[in-house]
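Accompanying notes for the structure given below.
No value in this document is a laboratory result; all are computed from the given coordinates. Fair warning: this is a prediction, and the values are worked out from it, not measured in the lab. No Cβ is skipped: glycine too gets one built from the backbone with ideal geometry, and neighbour counts run over all protein chains shown.
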Amino acid sequence: MKDRLKLETEKGVDDNNSRVGVSVAIEMTNGEASKLSGSALLIPRCRSYEVLAEEVARIKEELDTLLERSKKIFGAEGGEEEDWQVNENMGAEQIWDILAKIKDPELLSVKFNSLRHQKRLEVADYVFTHGNIFSGTASVFSTRYNSEKGTIE
């Protein structure tokens, strides 16, 4: 993220009323090579260094939590490493057999949502017609599944 974060300052009438926040540069492209860029306020403008430091610490904590969660996705937890790889060539039943072994709802969501939309619909149809949606992973799936988007939230 080097050079993507920037201090945003807002000068007050006197030095006591100045505020400082942090923004992040955002750049998006579509499939036709069009670019849209801008920035978003990551930390709202704060009136004191102490408040800004608290906000930075909060974001660091959130990033550490996300990093810890990513260990499960990358299989870096140590211990027994599961093979939860799914791909588009598998059938819905085969994909669900793999996904049903995942106990972490976040990891289940990441793996399922990484599939193409059509494949997600096929797997969802399989779960709702063949799975026990009242217990286990199928229960988590059924409560978090968004049928309009075809994703697990």
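Values for this structure:
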| quantity | calculated |
| --- | --- |
| Local net charge near T151, Cβ-Cβ under 11 Å (Lys/Arg +1, Asp/Glu -1) | +1 |
| Vicinal HN-Hα couplings computed from phi for segment 16-21 (Karplus, 6.51 cos²θ - 1.76 cosθ + 1.60; Hz; Gly/Pro x) | 6, 9, 5, 10, 10, x |
| Distance (nanometres) between label positions extended 7 Å along Cα→Cβ at R47 and D104 | 4.1 nm |
| Under 5 Å, built H, 5+ apart or other chain: amide partners of E8 | G21, V22, S23 |
| Label point distance in nm, E148-H117, each placed 7 Å from Cα along Cα→Cβ | 1.5 nm |
| Net dipole in debye of the chain [+1 Lys, Arg Cβ; -1 Asp, Glu Cβ; about Cα centre; nearest 20] | 360 debye |
| Amide proton proximity set for T151, modelled H, under 5 Å, gap of 5+ | N146 |
| Spacing of the two label points (7 Å from each Cα toward its C-beta) at F134 and S70, in nm | 4.1 nm |
| Total lysine pairs whose alpha carbons fall under 26 Å of each other in the chain (8 or more apart, or interchain) | 28 |
| Relative contact order [Cα under 8 Å, 6+ residues apart], the chain, whole percent | 12 percent |
| Segment D3-A40, extension gain: residue separation times 0.36 nm, minus the distance between their alpha carbons | 11.9 nm |
| Around G21: net Lys/Arg minus Asp/Glu count, Cβ-Cβ under 11 Å | +1 |
| Normalised convex hull volume, segment 78-144, alpha-carbon set, Å³ per residue | 85 Å³ |
| Phi-based couplings in Hz for segment 103-113 (Karplus 6.51, -1.76, 1.60; Gly and Pro marked x) | 8, 7, x, 5, 5, 4, 4, 4, 5, 5, 5 |
| Angle in degrees between helix 49-74 and the longest Cα principal axis of the chain, rounded to the nearest 10 | 20 degrees |
| From phi via Karplus (6.51, -1.76, 1.60), per-residue ³J(HN,Hα) for segment 126-143 in Hz, x at Gly/Pro | 4, 4, 6, 9, 10, x, 8, 6, 9, 8, x, 5, 5, 5, 4, 4, 5, 7 |
| Listed candidates (1) 21, 20, 16; (2) 29, 20, 15; (3) 41, 19, 15 - label of the one calculated as semi-axes √(5λ) of the Cα gyration tensor in Å | (3) |
